[in-house]
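The values are calculated or read from the model by the stated rules, or taken from the named source; none is laboratory data. None of the values given here were measured: they were computed from a predicted structure. For neighbour counting, all protein chains shown are included, and Cβ atoms are generated from backbone atoms with ideal geometry for every residue, glycine included. Side chains included, ligands, DNA and RNA excluded: accessible areas come from the protein's heavy atoms. Shrake-Rupley method; radii C 1.70, N 1.55, O 1.52, S 1.80 Å.
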Amino acid sequence: MPNAMSGVYLTGHGGPDKLEYRTDIPVPRPGPEEVVVRIAAAGVNNTDINTRLGWYSPTVTGATEDAAKQGSNVESGGWGGALQFPRIQGGDFCGTVAAVGEGVTSVRPGTRVTAALCIPRPTPENPKGLIVIGSEFDGAFAEYCLLDAADLHDVTASPLTDVEIAAIPCAYGTAEGLLTRAELAAGESVLITGASGGVGMAAVQLACLRDAEVTAVTSLSKAEAVRSAGARTILTRDGTPPEQAFDVVIDVVGGPGFPDLIRALKPGGRYAVSGAIAGPIVQTDLRDIYLKDLTVLGSTYQPPEVFARIVELMNSGQIRPLVSRTYPLSKIAEAQEDFQSKRFPGKLVLIPTEDET
C-alpha cells in the first residue's frame with residue numbers, strides 16, 4: 001500500500017465548503033484484528049449529509065436543509081454527538097481487502113467486502129449501542145479505510161457490481177431494520193413514504209420479497225421506477241393516503257404528513273420510522289394512536305442478523321439497487337447537491353479513482 005491516499009476531509013459542520021478533497025492523507029495501517037480495505041465505490045447517503053450539516057443536534061428542529069442555515073454554529077451535530085474533525089465520512093462501501101492485521105483469519109487480501117453502516121457496540125449501560133462508519137471513526141470517502149475484521153462481510157460471490165454493492169448497506173440495512181421492527185408479514189398491506197429514495201426503494205423491494213401488498217408514496221416523475229421495484233399502487237406526495245387502509249406504515253420522511261400516516265393505519269397497525277428529512281418535529285392527535293391500539297416504532301439499531309439477511313440477498317442476487325449516477329470522489333459536493341435536489345431516483349455513488357460515468 002502507498003503511504004498517502006486521496007480522500008475527503010470533513011473539517012466542520014456546515015455547507016459543502018466543509019468538504020476538503022486531499023491527495024496527501026496518510027494511509028491507515030492495520031492493528032491486531034483490523035483490516036485495511038481498498039475502496040472501490042462509496043454510496044451517497046442522507047446520513048453523511050445530515051452529519052455534515054449538524055442536523056442530528058437537538059438544536060436543529062427543521063428539515064434537513066434548515067440545518068445548513070446554522071452551519072458551524074451547531075455543536076454535537078454528529079450521529080453520536082460531537083465529532084472529531086477532520087473526519088473522513090462515508091458509511092456505504094464496497095472494496096477489497098488490502099492488508100490484514102495480526103490475528104485476522106476471517107478474510108484475506110483480495111476478498112471483496114462490505115459492512116453495515118450501523119455497527120452494534122453493546123455495553124452494559126446501552127445494550128443497543130451503535131457506532132456509525134464515517135461518524136465515530138473514518139469511513140469510505142477515501143481510497144482506503146480501516147475497519148475491524150469482525151465487522152466485514154464477504155460479498156465475493158455476489159453477481160452485483162462494486163457500485164451496486166456500495167449502494168446497499170445503508171439503504172437496505174435501514175429498510176430491513178424497519179420491516180423487521182414492524183413485523184411485516186405476507187399478505188399485509190404496507191404504505192412506504194419516500195419510495196423513490198434509497199431507503200424507500202429498498203423497502204419496496206424487501207416488502208415485496210415478504211409477499212406484502214405495497215403502496216408507495218413518490219412523485220409522478222419517479223413513479224415508473226418505483227413500480228419497477230415492485231410497488232402495486234402509487235400515491236403522489238401531495239395526496240392524502242386513505243384512512244384505516246394499511247397494516248404497516250414505513251416512514252422515512254416525517255414532517256407535516258405524519259398525522260395522515262397515523263390515520264392511514266388500520267386498528268392494531270404499526271408505524272415504523274427511520275428518517276425525518278421533511279422535519280423531525282411533528283404533531284398528531286394522540287387519540288388516533290391509542291383508540292386504535294397502534295404501535296409506534298423507532299428503528300436505528302439493527303441486530304447483526306438483520307444485515308446478515310441483506311448479505312445473503314446480495315450474494316444470491318435477489319436484490320439489486322437502482323444506481324442513477326456515479327461521480328469521481330473529487331466531485332463529492334456535486335453528488336451531494338444532486339442527492340439533496342431529489343433529481344434522481346435510487347442511489348448515487350462515488351468512485352475514488354475513476355472519472356464520472
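Filter segment 135-157 down to residues that are closer than 14 Å to Ile310 by Cα and among the small types (Gly, Ala, Ser), then give me how many there are.
Qualifying residue count, segment 135-157: 1.
With respect to the numbered conditions (1) among the hydrophobic types (A, V, I, L, M, F, W, C); (2) open to solvent by 40 Å² or more (accessible area, probe 1.4 Å); (3) at pLDDT 95 or above; (4) part of a loop (DSSP other than H, G, I, E, B), which one is the sole condition not fulfilled by Val296?
Status for Val296: all satisfied but (4).
Quick one: count up the residues across segment 156-198 that are out of contact with any strand residue (DSSP E or B) (no Cβ under 9 Å at 6 or more places or on another chain) and under 16 Å from Pro345 (Cβ atoms).
Within segment 156-198, residues that are out of contact with any strand residue (DSSP E or B) (no Cβ under 9 Å at 6 or more places or on another chain) and under 16 Å from Pro345 (Cβ atoms) number 1.
Tell me, yes or no, whether segment 304-323 has at least one residue that is open to solvent by 60 Å² or more (accessible area, probe 1.4 Å), of a type in the set (Asp, Glu) and more than 15 Å from the chain's Cα centre (by Cα). Lay out the reasoning, then the answer.
Step one: list which residues in segment 304-323 are open to solvent by 60 Å² or more (accessible area, probe 1.4 Å), which gives 304-305, 309, 312, 316, 318, 320, 322.
Checking which are of a type in the set (Asp, Glu) leaves us with 305, 312.
The next check asks that each one be more than 15 Å from the chain's Cα centre (by Cα); those that pass are 305, 312.
Yes, segment 304-323 contains at least one residue that is open to solvent by 60 Å² or more (accessible area, probe 1.4 Å), of a type in the set (Asp, Glu) and more than 15 Å from the chain's Cα centre (by Cα).
So which residues in segment 315-339 are among the β-branched types (Val, Ile, Thr), under 27 Å from Ala157 (Cβ atoms) and touching a strand residue (DSSP E or B) at 6+ places or on another chain (Cβ under 7 Å)?
Of everything in segment 315-339, those that are among the β-branched types (Val, Ile, Thr), under 27 Å from Ala157 (Cβ atoms) and touching a strand residue (DSSP E or B) at 6+ places or on another chain (Cβ under 7 Å) turn out to be Val323, Thr326.
Which residue is modelled with the lowest pLDDT, if the candidates are limited to segment 107-157 and must be of a type in the set (D, E, K, R) and farther than 19 Å from Thr174 by Cα?
Glu125
Read through the list (1) open to solvent by less than 10 Å² (accessible area, probe 1.4 Å); (2) within 23 Å of Ile277 (Cβ to Cβ), then give the number of the only condition that Ala333 fails.
Condition not satisfied by Ala333: (1).
Starting from residues that are open to solvent by less than 30 Å² (accessible area, probe 1.4 Å) and within 22 Å of the chain's Cα centre (by Cα), keep the ones in segment 241-256 and report whichever is farthest from Leu286 (Cα to Cα).
Ranking the candidates gives Val252 first.
Looking only at segment 199-218, which residues are more than 17 Å from Val311 (Cα to Cα) and in contact with a helix residue (DSSP H, G or I) (Cβ under 9 Å, 6 or more places away or on another chain)?
Listed by number, the residues that qualify are Gly200, Met201, Val204, Ala212, Glu213, Val214, Ala216, Val217, Thr218.
Can you tell me which residue in segment 343-357 is nearest to Ile168 (Cα to Cα), limited to those that are touching a strand residue (DSSP E or B) at 6+ places or on another chain (Cβ under 7 Å) and either assigned to a loop (DSSP other than H, G, I, E, B) or of a type in the set (Ser, Thr, Tyr) (or both)?
Among those residues, the one meeting the criterion is Gly346.
Touching a strand residue (DSSP E or B) at 6+ places or on another chain (Cβ under 9 Å) and either farther than 28 Å from Asp48 by Cα or without any contact (Cβ under 8 Å) to a residue 40 or more places away in the chain (or both): is that true of Val204 in this structure?
Yes; evaluated as a whole, the condition is true for this residue.
Filter segment 254-272 down to the residues that are assigned to a loop (DSSP other than H, G, I, E, B) and modelled with pLDDT under 95 and list them by number.
Result: Gly254, single match.
Could you please find all residues in segment 232-253 being in a strand (DSSP E or B) and touching a Leu at 6+ places or on another chain (Cβ under 7 Å)? Can you show your working first?
Looking only at segment 232-253, we keep the residues that are in a strand (DSSP E or B), and these are 233-236, 246-251.
Within segment 232-253, Thr236, Phe246, Val248, Val249, Ile250, Asp251 qualify.
Here are some conditions: (1) modelled with pLDDT of 95 or more; (2) touching a helix residue (DSSP H, G or I) at 6+ places or on another chain (Cβ under 8 Å); (3) open to solvent by 20 Å² or more (accessible area, probe 1.4 Å). Pro86 meets all but one. Which one does it not meet?
Going through (1) modelled with pLDDT of 95 or more; (2) touching a helix residue (DSSP H, G or I) at 6+ places or on another chain (Cβ under 8 Å); (3) open to solvent by 20 Å² or more (accessible area, probe 1.4 Å) one by one, Pro86 breaks only (2).
Sort through Ile131, Ile119 and tell me the only one that's open to solvent by 30 Å² or more (accessible area, probe 1.4 Å), within 21 Å of Ile49 (Cα to Cα) and part of a strand (DSSP E or B).
After applying the criteria, what remains is Ile131.
Using beta carbons and a limit of 7 Å, which pairs, at least six apart or on different chains, have the first residue in segment 1-21 and free of Cβ contacts under 8 Å to residues at least 24 places away in the same chain and the second one surrounded by 13 or more Cβ atoms within 10 Å (Cβ to Cβ)?
Here the result reads Ala4/Ile25; Ala4/Val27, each pair linking segment 1-21 to a residue that is surrounded by 13 or more Cβ atoms within 10 Å (Cβ to Cβ).
Restricting to segment 309-342, name every residue that is of a type in the set (Lys, Arg) and either closer than 22 Å to Ala116 by Cβ or part of a strand (DSSP E or B) (or both).
Arg309, Arg320, Arg325
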